[in-house]
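Peer 1: Handing you this structure, nothing more for now.
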Amino acid sequence: MILVTGATGNIGTELVKHLSTDGVRMRVITRDEKKVSHLDASVERVIGDRNDSSTIRQALQGVDKVFLLPVLLDKNHDADRLLIEAAKQAGVQLIVQISSGAVRMEAKGGIGGLHREVEQLIEDSGIAWTFLRPGGFMSNTLQWAATIKSQSKVFNPTGEGKTAPISPYDIAAVAAVALISSGHERKAYDLTGPELLSSREQVEILSKVTGRFIECVDIPIEVAAKSAIANGLPEILVESLTEIWKRIRAGGGTFQTNEVERLTGRPAQTFETWCHEHRSAFL
Ligand SMILES: NC(=O)c1ccc[n+]([C@@H]2O[C@H](COP(=O)([O-])OP(=O)(O)OC[C@H]3O[C@@H](n4cnc5c(N)ncnc54)[C@H](OP(=O)(O)O)[C@@H]3O)[C@@H](O)[C@H]2O)c1
């Protein structure tokens, strides 16, 4: 039995589909029952908060593997500590954790540092682990939908810097491989999409797929940071994003791997394919 945390999120939604296709027994945990009401009756569900110890004990009954999406902005990692300690007591054999490519750049502080701290909690538990360290998600561009719809514009703090955005579908595909097949214990995988693209190039692809002209407007990083805070993003996240934007703008985001293809046996999804699948969100 596999316990899937974050099952209603970008990666988790896709992971549940992958595991269902493979006929794997699984249980999901969510705070909102409605978000999992569409799932097949064979998928077990526990409704509750990751900070609640009785919910976690219930979720782990009979579980041998866990997909862990960290509750990241909790600096003390209380929810993740609770899950990891309870998993050890429940005899869990493997934790596949979503970490971040930012671990390579900031092992202390920021998003990378927080992910590394959770990795260390798992390492210290003695449970076998696989760490998935993706770069930026293609789904981050959903944050552009509001200004695309209202002004046909995307405001871009990363200049001509390139990254290799990855589809959550592919992260989930790798997670399914790590959960189902053996040989991935004590391995950390750096996951990216198949092509290096600037934001302007991503906007051009989105324009082509949606059939509407979208302008990519260069803005200073400080302006983007203020706007992110005004939109309710936590300060710690914005501070870390600011550092990441600076690095990308200076050309430091040009990192691409072929790990998705090596591990799943098929090429990683292109940004154009992802845009076709999510076209309606931008119209
Ligand atoms: N975006 C990027 O570019 C990027 C890059 C590298 C790494 N990452 C990492 O990827 C992760 C985000 O993945 P995602 O986009 O798939 O997540 P997401 O779409 O933001 O979904 C978050 C999930 O976490 C669950 N959750 C949060 N707090 C919970 C709690 N207290 N109790 C129970 N469930 C809780 C939510 O479940 P319910 O609401 O259903 O309860 C939801 O399913 C983060 O750790 C991030 O740092 C992101």
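Peer 1: Might you report the magnitude of the Cβ-based charge dipole of the stretch 50-142 about its Cα centre, with Lys and Arg at +1 and Asp and Glu at -1, to the nearest 20 debye?
Peer 2: Dipole of the stretch 50-142, to the nearest 20 debye: 160 debye.
Peer 1: Ok, one more. Determine the share of the chain's accessible area contributed by carbon and sulfur atoms, expressed in whole percent, with a 1.4 angstrom probe.
Peer 2: After summing per-atom areas, the C and S share lands at 49 percent.
Peer 1: May I have the extent of the alpha carbons of the chain along their three principal axes, as whole Å values ordered from largest to smallest?
Peer 2: 52, 37, 35
Peer 1: Using Cα pairs under 8 angstrom and six or more residues apart, how large is the relative contact order of the stretch 126-258, in percent?
Peer 2: In percent, rounded to a whole number, it is 37.
Peer 1: Oh, and also: Taking the convex hull of the alpha carbon atoms in the stretch 1-131, what volume per residue do you get, in Å³?
Peer 2: Spread over its residues, the Cα hull of the stretch 1-131 gives 102 Å³ apiece.
Peer 1: Can you give the accessible area of T264 in Å² (nearest 10), computed on protein heavy atoms with a 1.4 Å probe?
Peer 2: 40 Å²
Peer 1: Given H placed on each backbone N at 1.01 Å, which residues far from A128 in sequence or on other chains put an amide H within less than 5 Å of it?
Peer 2: The list, which skips near neighbours in sequence, is I95.
Peer 1: Once the other residues with Cβ under 13 Å from the Cβ of Q93 are scored (Lys, Arg +1; Asp, Glu -1), what is the net sum?
Peer 2: Computed value for this residue: +1.
Peer 1: Now for a different question. Sequence-distant or interchain residues sharing an amide H contact under 5 Å with V71, placed H: which?
Peer 2: For V71, whose amide H was placed from the backbone, the distant partners under 5 Å are D80.
Peer 1: Residue by residue through the stretch 168-178, what is 3J(HN,Hα) from phi via Karplus (6.51 cos²θ - 1.76 cosθ + 1.60, θ = phi - 60°)? Round to whole Hz and write x for glycine and proline.
Peer 2: Karplus values, whole Hz, x for Gly and Pro: x, 4, 6, 4, 5, 5, 5, 4, 4, 4, 5.
Peer 1: Give me the percent of DSSP beta bridges within the chain that run antiparallel, rounded to the nearest 5.
Peer 2: So the antiparallel bridges in the chain amount to around 5 percent.
Peer 1: Using θ = phi - 60° and the Karplus curve 6.51 cos²θ - 1.76 cosθ + 1.60, what whole-Hz ³J(HN,Hα) does each residue of the stretch 218-229 get, with Gly and Pro shown as x?
Peer 2: 6, 10, x, 4, 4, 5, 5, 5, 4, 5, 5, 5
Peer 1: How large is ³J(HN,Hα) for each residue in the stretch 117-130, as worked out from phi by the Karplus curve 6.51 cos²θ - 1.76 cosθ + 1.60 (θ = phi - 60°), to whole Hz, x for Gly and Pro?
Peer 2: 4, 5, 4, 5, 4, 5, 4, 5, 6, x, 6, 5, 9, 9
Peer 1: Tell me what the chain gives for mean residue ellipticity at 222 nm when only DSSP H runs of n ≥ 4 count, each as -39,500 (n - 2.57), the sum divided by the residue total, rounded to 500 deg cm²/dmol.
Peer 2: -12500 deg cm²/dmol
Peer 1: In terms of Cα to Cα distance under 19 Å, which lysines are near enough to K65, apart from those fewer than 8 places away along the same chain?
Peer 2: Within reach: K17, K88, K187.
Peer 1: Still on this structure, I have one more. Report, in debye and to the nearest 20, how large the dipole of the chain comes out about its Cα centre when Lys and Arg carry +1 and Asp and Glu carry -1 on their Cβ.
Peer 2: With only Lys, Arg, Asp and Glu charged at Cβ, the dipole is about 280 debye.
Peer 1: Got a sec? Charge dipole of the chain, +1 on Cβ for Lys and Arg, -1 for Asp and Glu; which of Q97, Q151, L197 is way out at the positive end?
Peer 2: Looking along the dipole axis, the top candidate is Q151.
Peer 1: In the stretch 71-115, how does Rg compare with the Kirkwood Rh, expressed as the Rg/Rh ratio over alpha carbon atoms?
Peer 2: Rg/Rh: 1.04.
Peer 1: Sticking with this one: State, as an integer percentage, the relative contact order of the chain based on alpha-carbon contacts under 8 Å between residues 6 or more apart. All intermediate terms of the calculation are to be shown ahead of the outcome.
Peer 2: Details: 526 pairs, mean separation 50.4, N = 283.
Averaging sequence separation for qualifying contacts and normalising by length gives 18 percent for the chain.
Peer 1: Quick one: compute the contact order of the stretch 1-109, relative version, from alpha carbon pairs under 8 angstrom and 6+ residues apart, as a percent.
Peer 2: Values: 149 pairs, mean separation 28.1, N = 109.
Relative CO of the stretch 1-109 lands at 26 percent.
Peer 1: Moving on. Charges on Cβ only, +1 for Lys and Arg, -1 for Asp and Glu, centred on the Cα centroid of the stretch 25-87; of F67, S37, S53, which one is farthest towards the dipole's positive end?
Peer 2: The listed residue farthest towards the positive side: S37.
Peer 1: To continue, here is another question. For a protection proxy built on the mean count of beta-carbon atoms within 10 angstrom, sort 209-220, 13-24, 34-45 highest first, please.
Peer 2: Values: 209-220: 14.4, 13-24: 17.3, 34-45: 12.7.
Packing order, densest peptide first, comes out as 13-24, 209-220, 34-45.
The values are calculated or read from the model by the stated rules, or taken from the named source; none is laboratory data. In this text, all values refer to a predicted model and were calculated from it rather than measured experimentally. A quick note on method: Cβ atoms are made from the backbone with ideal geometry, for glycine too, and the neighbour counts reach across all protein chains shown. Accessible surface is based on the protein model in full, side chains and every heavy atom, while ligands, DNA and RNA are left aside. Shrake-Rupley method; radii C 1.70, N 1.55, O 1.52, S 1.80 Å.
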